[in-house]
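Below is one structure, written out as structure tokens, with a few remarks after it.
The values are calculated or read from the model by the stated rules, or taken from the named source; none is laboratory data. Computed from a predicted model, the values in this text were never measured in an experiment. Quick reminder, even Gly has a Cβ in these numbers, built from the backbone with ideal geometry, and neighbours come from all protein chains shown. Accessible surface is based on the protein model in full, side chains and every heavy atom, while ligands, DNA and RNA are left aside. Shrake-Rupley method; radii C 1.70, N 1.55, O 1.52, S 1.80 Å.
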Amino acid sequence: MNTANDMMLEVPAYSENESFVRAAVGAFAVRLNPTVEELADIKTAVSEAMTNAVVHAYPKEAPGRVIIRVRVLAGNVLCVEIEDNGCGIADVEKARTPFYTTGPVEERAGMGFVVMETFMDEVEVFSAEGRGTLVRMIRRIGAGE
């Protein structure tokens, strides 16, 4: 693909929007001709990022908004960004530790970032307390061929 292509969605941070965002990003990614496994990996990582925004970004206030940006980059690369303007993450490295959660242990496994890192080639997390979080995920389509 010589021409860059992108899309942007903005949805309220409601759990019922997770499946919509997952499907929309998956539909956008299809243009790169991913395998079924690659597409499932992308959709799983998007689900985790969106769920993190829904559950953790706006814990003490009415749900805010989540912005989803998806771009096709050179070399059959998909870039997905999930951004909120919520409470932010105090310690990003700690939050990326397996089994770490700020939610009730009986409700949360603390594996969201681990899942994202497992299914995507690159995951970057930018966050500031009181200002929100941006999760950027990169997946090279056809890299295993």
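Derived scalar couplings between HN and Hα for region 76-82 equal 6, 10, 9, 10, 10, 10, 10 Hz in order, rounded to whole Hz, by the Karplus curve 6.51 cos²θ - 1.76 cosθ + 1.60 (θ = phi - 60°), x for Gly and Pro. The modelled label-to-label distance for the pair Met8/Ala40, using points 7 Å beyond Cα in the direction of Cβ, is 3.4 nm. For the pair region 1-34 / region 113-144, the C-alpha centres are spaced 15 Å from each other. For the set Tyr14, Tyr58, the ranking by accessible area, highest first and with no ligand, DNA or RNA atoms included, is Tyr14, Tyr58 under a 1.4 Å probe.
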